[in-house]
Amino acid sequence: MKKIIVSDPTLRDGNHALGHQLNVRQMVMYAAASDAAGVAIVEVGHGNGLGASSLQVGESAIEDLAMLGAVRAVLKHAKLGVHIIPGFGTINKNLKPAIEAGVDVVRVASHCTEADTTQRHIGYAREKGRVAYGVLMMSHMAAKEVLLNECRKMESYGAEAVVLMDSAGAYLPADVSERIGFLARNLSIPVGFHGHNNLGMAVANSAAAAEAGATLLDGSARGLGAGAGNTPLEVMIAVLHRMGYSTDVDLYKILDAADLAERHLMPKIPTISSLSIASGLAGVFSGFAKHVERVAAEYGVDAREVFRELGNRKVVAGQEDVAIEVAIELAARKGEEK
Amino acid sequence: MTSKRRDIVREDCRRALAGGTEMLAPLRNSALFVTGGTGFVGTWLTEMIACLNDEHGFNVHVTLMARQCGRFVETAEHLAARKDVTVVLKDVRSVLDLPPETQWIIHAAATPDRRVHASDPVGAVDVIVNGTRAMLVAAVQLSQLRKFLNISSGLIYGTQPWDMPAISESFCGSLDCANVSSGYPEAKRFAETLCAAYQSEHRLIISTVRPFAFIGPYQPLGLPWAGTDFIRDAMLGGPIRVHGDGQTIRSHMYPSDMAYWLLNILVKGRSGQAYNVGSARGVTLAEFAARIADCVPGRPRIEFGVLGERRPPASKRVPDVSLCASALSLGLSTDLDMAIKRTISWNQTT
């Protein structure tokens, strides 16, 4: 039976959905439940990873090391994972103390065409004897051949697995099969997939990834995550088991963990908003949503059209200001049409 | 570097030279020029020359040329400070002329670091192709040059067929030239062809060596190779993580033997001939990890396929070194177990 390693980013990506306000009590409670269910890796942190807490992208309710220390103490079987984006998180200030706090798995992420930025972080994690993954975000923006080259860079730096993130929730299952299958055939290290649910495809995409050769899959309780949310973990486990995959995760216990998360972590269950669908179709990171809504209201234009134009311009996280430019142009065009 | 580290390396050189120094007699009172001189190969060559000079009165002067020497000065300051060693900071691609007294050249400039091959494939290829060309042009001007030794790579053979026990120098192999991963070995192949062209047109005396895998002192444990990964994981208390099912086969040579072989091939190697340099003793990565674990107190645990691996087909890379053994009477002074123990010992000595 083919085995899937399950990584649970509820306490990291889920922080996006909660303005990075998860507290220690919530983290400990959920981490213990996820651990008891048999999840292999429990990921913890600010939504954007180690060192990202800031006025720019949102401040965490608690510091990185406080989260890590608290969750470390309750994990009995699961490995403790972190997400780090070089630039947000530095080696000396963030990664070194995190490893000293007991992190087992370091997932070093970059935009899908910028794997070069991950070399030192991956190397450092390996030097310290930790498991290191390379993560390519916004992977729908690059062709499979480009993704393979970027993954090969990460492999050469010492990454022991690579994970494709569908950060904008833009993939359909056929897209996932094509990319994951191509990587799995051409890389010697395991390939993983992290879905987002903008088009309601996260579970189907994760299943397609498994069928195409992925052996690492991410899923969050009730899909708690950025934008329309991640792949709902409990649904993914049920589907994988139905498909004949082994995950080491106890279905009833992960259902209990999801119930617990719903009661104690989330003010409301993630839903696919109209704007999330627009951002997924446009292939734009869900983190743009608040900016887009604001500028659309300010300039009197349709937020969905702003997303569509942002997608045409292939914007990436950090280029949120472009939304203003787009809104101004759309408003001007609207004025001309009148 | 601590005296204990120096002692380990000097003992290694003595053990390799116990095979005989008389074959190296042509090196006496000569000038050797080494490109990539502050790297792994250059450092070990310099250790061996230092031993020959100190203990056998060879009186060889070594000029080490490299783009950078920070790590060399840091880890081998005892070599950098020697009067019989000169370090020249220069990019091999910009070489116009060489010290006129140069009698021997070992051209080792290139990085075998696959991180660089992945991040800067153009730069990696450029150093090999244009660096080799610049060195050959400069070598032609030397009136006293006796031999040019081109350091190629065992990677030029491409994939070793599973049913082939070992790769001999006559195996042409194949590489996917459209694949960016082939940049380094393709450049090395081209450099060999360039050497053949200079030998034909300018009557340069050139031998080539094709190094395989090594394990030993001066190899940074941060390099993402199986040997360095396993040793580093073991020294950290484990677990030693083996990707796949551990059935991939590799062989490892200890670097003092590598340096001794290179000097022998430099002096006695036939012009136009390529020589494999490495250990003919292939072991699976599973066995390799087990042997490393045996050398560490507490015997760290070994994990296989912990990340749910797809188990890609096992590969093999083992050189046939019978040419060096028969034509040059070369053998190993350090077996794999001793190599592992001495590597760990050197790294534990700070």
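Numbers below:
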read-out: Cysteines having no other Cys beta carbon under 4.7 Å from their own, within chain B; value: B:69, B:172, B:177, B:195, B:295, B:324
read-out: Interchain or long-range residues, amide H under 5 Å from residue A:2's placed H; value: A:246
read-out: Reduced Cα scattering model of region B:1-91, Debye log10 I(q)/I(0), q = 0.17, 0.20 Å⁻¹; value: -0.69, -0.95
read-out: Region B:117-182: chymotrypsin sites (Phe, Trp or Tyr not before Pro) in DSSP loop, at most 13 other beta carbons within 10 Å; value: B:162
read-out: Percent antiparallel among DSSP beta bridges (both partners in region A:23-124, rounded to 5); value: 10
read-out: Other-chain or far-sequence residues with amide H under 5 Å of residue B:63's (modelled H); value: B:32, B:33, B:34, B:86
read-out: Spatially proximal lysines relative to residue A:253 (Cα-Cα < 19 Å; intrachain offsets below 8 disregarded); value: A:3, A:76, A:79
read-out: More than 13 Å apart - percent of Cα-Cα pairs taken over region A:112-174; value: 59
read-out: At least 50 Å² accessible surface lost relative to isolated chain, residues of region B:232-247 (1.4 Å probe); value: B:232, B:241, B:243
read-out: Average partner coverage of A:109-116, which counts Cβ from other chains inside 10 Å; value: 1
read-out: Calculated FRET value between residue A:333 and residue A:313, using beta carbons and R₀ = 22 Å, to 0.05; value: 0.90
read-out: Label-point separation, residue B:170 to residue B:68 (7 Å along Cα→Cβ), nm; value: 4.4
read-out: Relative contact order computed over chain B (Cα-Cα under 8 Å; 6+ residues apart), in percent; value: 19
read-out: Orientation-averaged projected area, Cα convex hull of region A:232-338 (nm²); value: 9.4
read-out: Per-residue mean of C-beta atoms belonging to partner chains within 10 Å, peptide B:108-115; value: 2
read-out: Diffusion constant of region A:19-79 at 10 °C, which comes from Stokes-Einstein with the Kirkwood Cα-pair radius and 1.306 mPa s, µm²/s; value: 135
read-out: Convex hull per residue volume in Å³, alpha carbons only, for chain A; value: 120
read-out: Cα-derived Rg over Rh, computed across region A:274-337 with Rh taken as Kirkwood radius; value: 0.93
read-out: Region A:145-204: translational diffusion in µm²/s, Stokes-Einstein, Kirkwood Rh over Cα pairs, 20 °C, 1.002 mPa s; value: 180
read-out: Magnitude of the charge dipole, the protein assembly as shown, Cβ model with Lys/Arg +1 and Asp/Glu -1, debye to 20; value: 1340
read-out: Whichever lysines have a C-alpha closer than 23 Å to that of residue B:188, once near sequence neighbours (fewer than 8 apart) are set aside; value: A:153, B:90, B:147, B:268, B:316
read-out: Of B:119, B:68, B:211, farthest towards positive along the dipole that unit charges on Lys, Arg, Asp, Glu beta carbons give the protein assembly as shown; value: B:211
read-out: Accessible area in square angstrom per residue, the protein assembly as shown, 1.4 angstrom probe; value: 39
read-out: Nearest-0.05 FRET efficiency for residue B:314 and residue B:273, computed from C-beta distance (R0 25 Å); value: 0.20
read-out: Beta bridges per DSSP with both ends in region A:5-264, % antiparallel, nearest 5; value: 5
read-out: Full-stretch length increase - residue B:247, residue B:101 - with 0.36 nm per residue and alpha-carbon distance subtracted; value: 47.6 nm
read-out: Shielding score for B:117-124, defined as the mean number of other chain Cβ atoms within 10 Å; value: 3
read-out: Long-range amide H partners of residue A:43 with built H, under 5 Å; value: A:8, A:10, A:11, A:81
read-out: Alpha-carbon Rg/Rh ratio, for region B:259-350, with Rh computed the Kirkwood way; value: 1.08
read-out: Translational D in µm²/s for region A:9-162 (Stokes-Einstein at 25 °C, 0.890 mPa s, Kirkwood Rh from C-alpha pairs); value: 159
read-out: Share, in percent, of DSSP beta bridges within the protein assembly as shown that are antiparallel, nearest 5; value: 5
read-out: Potential lengthening between residue B:190 and residue B:77 on full extension [0.36 nm per residue; Cα-Cα distance subtracted]; value: 37.2 nm
read-out: Prolate/oblate/rounded label for region B:65-222 (Cα gyration tensor, a/c 1.5); value: oblate
read-out: Under Karplus coefficients 6.51, -1.76 and 1.60, residue-wise ³J(HN,Hα) of region B:179-192 in Hz, glycine/proline x; value: 9, 4, 5, 7, x, 5, x, 5, 5, 5, 4, 4, 4, 5
read-out: Estimated dipole of region A:5-264 in Debye, rounded to 20 [Cβ of Lys and Arg +1, of Asp and Glu -1, Cα centre]; value: 400
read-out: Bins of 10 Å, starting at 0 and running to the largest distance - Cα pair percent for the protein assembly as shown; value: 3, 14, 23, 21, 16, 12, 8, 3, 0, 0
read-out: Centroid-to-centroid separation of region A:239-262 and region B:91-161 [C-alpha atoms, Å]; value: 57
read-out: Those lysines that a straight Cα-Cα span of less than 24 Å connects to residue A:334, excepting residues fewer than 8 apart in one chain; value: A:290, A:314
read-out: Dipole of chain A, positive direction: furthest Cα of A:269, A:18, A:109, with charges on the beta-carbon; value: A:109
read-out: Enclosed volume per residue, in Å³, of the convex hull spanned by Cα atoms of chain B; value: 129
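The values are calculated or read from the model by the stated rules, or taken from the named source; none is laboratory data. Given the structure is predicted, the values throughout are model-derived calculations rather than measurements. When we count neighbours, we look across all protein chains shown, and the Cβ atoms used for this are built from the backbone with ideal geometry, even at glycine. What goes into the accessible areas is simple: the full protein's heavy atoms, side chains included, and nothing from ligands, DNA or RNA. Shrake-Rupley method; radii C 1.70, N 1.55, O 1.52, S 1.80 Å.
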